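To keep things clear, I will list the structure first and then write my remarks on it.
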Amino acid sequence: MSLSDVMSAFALQVFPEVGFVLFGAAFLVIAVTMFLRRNRTYFERARFLPLEEDGGARQGSEATGHE
Amino acid sequence: MNERLERFVYDDEIVRMFLLVTVLWGLVGMLVGLVIALQLVLPVLNFQTSWLSFGRLRPLHTNAVIFAFAGNAIFAGVYYSSQRLLKARMWSDALSRLHFWGWQAIIVAAAVTLPLGYSQSKEYAELEWPIDIAIAVIWVVFAANFFGTLARRRERHLYVALWFYIATIVAIAVLHIFNNLVVVAGPLKSYSIYAGVQDAFMQWWYGHNAVAFFLTTPFLGMMYYFLPKAAERPVYSYRLSILHFWSLVFIYIWAGPHHLHYTALPAWASTLGMLFSVMLWMPSWGGMINGLLTLRGAWSKVTEDAVLKFFVVAITFYGMSTFEGPLLSIKSVNALSHYTDWTIAHVHAGALGWVGFMIFGMIYWLLPRLFQTELWSKKLAELHFWIATIGILLYIVAIYAAGLTQGLMFRAFDESGRLAYPDFIETTVRLIPMYWVRVLGGSLYIAGMVLCAWNVLMTWRRAPASYAEPGHEAPALAHAYPAEAAGGGFKHAAWHRRWEGMPLTFSIWVVVAVASASLFEIVPMFLIRSNVPTIAAVKPYTPLELHGRDVYISEGCNNCHSQMIRPIRSETVRYGEYSKPGEFVYDHPFLWGSRRIGPDLQRIGGKYPNLWHVRHMDDPRSTTPQSIMPPYPWLAKRPIDFRALAGGVAAQATLGVPYTADEVKGAAQLAREQGRQIAQSIAEQGGPKGLDETRLVALIAYLQRLGTDINKSSAVAGTDGRRADAGRAPAERR
């Protein structure tokens, strides 16, 4: 049995549904872990990286920002 | 903690170089765009000159704008922001210069070869194999320089902009290499190793993701760096940016098949492409919202600052385009929009609005910093913004209207059930007023570009004789990992925080994301036989027909004519039986096209006598009054290159096209004989004599063959021995 036979036996019409479920689940996992409160401090520093060159002075005034 | 500080300076010279050529190539690419827009309303502007004809200039326009204008802007943005985010000078000044000059040489080579008719025909991948190899080499140079800089950085955390750059570098390399795998047939001639359905699939896997990873991810990286800099505020949500990044990288790569709805592509692939395209709404709008909310508290600055104005409109266009893209991927919408100017409007909303305005905002922000002087004129920058905004709006509104008009006219039936507009030319002529508005809108956008160029030039003139090179200090990268990144366990995403500091691991995961998604589509597409049911009656092209196909590609006919009749009633009534996958098994490359400025040609074979084609090519308006097609008088004067013809047949045989050894060996003689017969019939019909060995005869041979094989025999066999179209209603004949 060739690889082509194996692939031909797959029910390709369900590929979109399977893909949707898998990537929907992956999206949810990433979303949940990213928005846990515990990660706030780490991300707070990261978001100021582009402004560090300018002294990063605004970090204090931005502490009440979204992150 | 007592850390030893290291001193370093950034290489801004390379950024200045890339920025200046961005402006130069932007002007060139847009001017060529204006020329071809004018040719559609005034065909006389083709000047009966081969290298000025629409079919050859259109790929020059798209390649110049994408790879020269946007490409150089990407490099300017990446080189400027990466050094600062990594607190390190680029790894190698020599590689930076090699990258710059190599890329400019590639652009010049493209600007010469495309108008001369050297083309692979695949959209945004038209350049021939020697230039493709050069692109791969220079891209590796860029990658080595970038990853070398990552390796010697002084900042542990990789800011999100850098993730987008990594994805760009990795994905473009993969896409470019696999879409350009060819068999060489001559110094500037090659054939795709893929054929028909599979070639179409690979092309739009590439084409869609060229938009994703050349016109989207690098600009998102630049947005995440330059917008906070210009607004003097951090990005709204760093966590949203992470979500934005991974969702885009995972989802985008699947979406390519939506460019081929209702074609001969298998339905499963088409549906997969649609579903993942719709899913793209999520991350795209996450990114747009993140960009716009970064300006919270800084909106007052937008009224005073041209840079922020450009960025705000750019992000707004990003939101609009990424809403419209998934909309167009829905099959029922696509049935209306495909092959019409709607696609052109969509592309230009993204290219002029999102990409163009991001570039202009970045240029105006960088100018005073790079040239160490004040911007020459802020008022001129403001004027540029308003002129360009009005220009875009005029352009896209007119072309959206044209696309909808065209789509509705294509499919309109009268009360008796016949096509309301049976002559294709009716659907073209109706668009001319809208094409004029496009010329006006495009001219305004280019006028803005001229103002930008003037501002750049004058700012450059005010620059100091020698640039100061301010030193910077930062501690060397610590070997120990920061405590805040290490702890927290899986559910607190410590794994991701570690990746963010490890470029190699991070890059590998990007490769895994791109490759796995690609293989999930590519492997079944190539391995499953039922995707392309064979048709016994379909035979390889004769040597002369194959050479005629090369002429068709060289003249860029596929830029205006499709060769794909969808199983939609309005199309089968207008053009004939719908196209089947098995009809294209010898088509290296596929030539389905993506828009119809002229009619579909899939069933043109035998529709008109040879003499009609002679007259049509010499002067399209002599056979079709009001036609906007360029004339091709040179085809009747230029002789066939029989050595190239024989090389083409041999290369196709290498690809598995079943030519016999005698056919390969005697290709030139076979072609001469067929050419003589066609030329004789033309003379007998009252046409010019002596066309035997001209390119025109080769093209006519090809056109007369198109779509005729399935009429030769009813033996249409599927993999299971049944007719491929068994169980379907017979399509209407012309």
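No value in this document is a laboratory result; all are computed from the given coordinates. Remember, predicted model here, so these are calculated numbers, not experimental data. Here the Cβ positions follow ideal geometry from the backbone for every residue, glycine too, while neighbour counts run over all protein chains shown.
Within the shell of other residues whose beta carbon sits under 13 angstrom from the beta carbon of residue B:66, the net charge comes to -1, with Lys and Arg scored +1 and Asp and Glu -1. Only one residue of B:14, B:247, B:410 has its Cα farthest out toward the positive end of the dipole of chain B, where Lys and Arg carry +1 and Asp and Glu -1 on Cβ, and that residue is B:247. With R₀ set to 25 Å, the beta-carbon distance separating residue B:430 from residue B:44 gives a calculated FRET efficiency near 0.75. Taking the number of Cβ atoms within 10 Å of each Cβ as an exposure proxy, the fewest-first ranking of B:577, B:469, B:583 is B:469, B:577, B:583.
A simple spin-label model places the labels of residue B:133 and residue B:332 5.1 nm from each other, with each point 7 Å out along Cα-to-Cβ. Summary value for chain B: 17 percent relative contact order, contacts being C-alpha pairs under 8 angstrom separated by 6+ residues.
Determine one quarter of the surface area of the Cα convex hull of the stretch B:376-443, which equals its mean projected area, and express it in nm² to one decimal.
4.9
Rg over Rh of the stretch B:623-713, using C-alpha atoms and the Kirkwood radius, what does it come to? Rounded to two decimals, Rg over Rh is 1.02.
Computed extension gain for residue B:711 through residue B:13, at 0.36 nm per residue and net of the alpha carbon distance, reaches 244.9 nm.
Label positions at residue B:289 and residue B:465, each projected 7 Å from the Cα along the C-beta direction, are separated by 5.6 nm.
Computed from the C-beta positions of residue B:300 and residue B:52 and an R0 of 60 Å, the FRET efficiency is 0.75 to the nearest 0.05.
For the stretch B:8-366, a Kirkwood hydrodynamic radius built from all Cα pairs, placed in the Stokes-Einstein relation at 20 °C and 1.002 mPa s, yields a translational diffusion coefficient of 102 µm²/s. Here the stretch B:46-72 is scanned for amide nitrogen atoms under 17 Å from the site 7 Å beyond the Cα of residue B:622 along Cα-to-Cβ, giving B:47-49.
Once you reduce the stretch B:553-576 and the stretch B:106-140 to the center of their Cα atoms, the two points are 26 Å from each other. Ordered by the number of other Cβ atoms lying within 10 Å of each residue's own Cβ, fewest first, B:379, B:122 fall into the sequence B:379, B:122.
If r is the Cβ-Cβ distance from residue B:478 to residue B:615 and R0 is 51 Å, what FRET efficiency results, to the nearest 0.05? Can you show the working numbers first?
Numbers: r = 77 Å, r/R0 = 1.51.
Calculated value: 0.10.
Just tell me how shielded A:3-11 is by partners: mean number of partner chain Cβ atoms within 10 Å of each residue's Cβ, no decimals.
Numbers: counts 2, 5, 3, 2, 8, 7, 1, 4, 1.
So the per-residue partner count for this stretch is 4.
With only the Cα atoms considered, the stretch B:1-92 has a convex hull volume of 97 Å³ per residue.
Here's how it looks for residue B:340: its modeled amide H is under 5 Å from those of B:596, which are all 5 or more places away or on a different chain. P(r) for the protein assembly as shown, from all Cα pairs and a bin width of 10 Å, is 2, 13, 23, 25, 19, 11, 6, 2, 0, 0 %, short bins first.
Two numbers describe the Cα atoms of chain B: Rg and Dmax, which are 26.8, 95 Å. Note on the stretch B:605-659 and the stretch B:161-211: Cα centroid distance 27 Å, given to the nearest whole angstrom. Be a star and scan the stretch B:346-377 for residues whose amide nitrogen sits under 20 Å from the point 7 Å along the Cα-to-Cβ vector of residue B:458. The answer is B:360-377, whose backbone nitrogens lie closer than 20 Å to the label point.
For the stretch B:543-712, the equivalent ellipsoid built from the Cα gyration tensor has semi-axes of 24, 22, 14 Å, listed from largest to smallest.
Nothing charged except the Cβ atoms of Lys and Arg (+1) and of Asp and Glu (-1): what's the magnitude of the dipole of the stretch B:8-366 about its Cα centre? Round to the nearest 20 debye.
Magnitude of the dipole: close to 760 debye.
Each residue of the stretch B:239-250 was assigned a 3J(HN,Hα) from its phi angle through the Karplus expression (A = 6.51, B = -1.76, C = 1.60, θ = phi - 60°), giving 5, 5, 5, 5, 4, 4, 5, 5, 5, 4, 5, 6 Hz with x at Gly and Pro.
Please give the average number of partner chain Cβ atoms lying within 10 Å of the Cβ of each residue in A:27-33, rounded to a whole number.
Details: counts 8, 0, 2, 9, 8, 2, 11.
Mean partner shielding for this stretch: 6.
Can you give me the Cα centroid spacing of the stretch B:505-542 and the stretch B:1-51 in angstrom? Cα centroid of the stretch B:505-542 versus Cα centroid of the stretch B:1-51: 34 Å apart.
So what is the 222 nm mean residue ellipticity for the protein assembly as shown from helices alone, if each DSSP H run of at least 4 adds -39500 (n - 2.57) and you divide by all residues, rounding to the nearest 500 deg cm²/dmol?
Result for the protein assembly as shown: -19000 deg cm²/dmol, rounded to the nearest 500.
For residue B:182, nonlocal amide neighbours, meaning residues 5 or more places apart or on other chains whose placed amide H falls under 5 Å from its own, are B:193. The phi-based Karplus calculation (6.51 cos²θ - 1.76 cosθ + 1.60; θ = phi - 60°) puts the 3J(HN,Hα) values of the stretch B:9-22 at 10, 8, 8, 8, 4, 5, 5, 4, 4, 5, 5, 5, 6, 4 Hz, whole numbers, x for Gly and Pro.
Pairwise Cα separations in the stretch B:188-300 fall into 5 Å bins from 0 onward with the following percentages, short to long: 2, 11, 18, 18, 14, 11, 9, 7, 5, 3, 1, 0.
Can you order the peptides B:645-658, B:187-200 by their average number of other Cβ atoms within 10 Å per residue, highest first?
Numbers: B:645-658: 18.9, B:187-200: 21.9.
Per-residue mean Cβ counts within 10 Å order the peptides as B:187-200, B:645-658.
Across peptide B:238-251, how many C-beta atoms of other chains are within 10 Å of each residue C-beta, on average? Before the final figure, lay out the partial values.
Working: counts 13, 14, 6, 4, 8, 6, 0, 1, 5, 5, 0, 0, 5, 4.
If you average over the peptide's residues, the count of other-chain Cβ atoms is 5.
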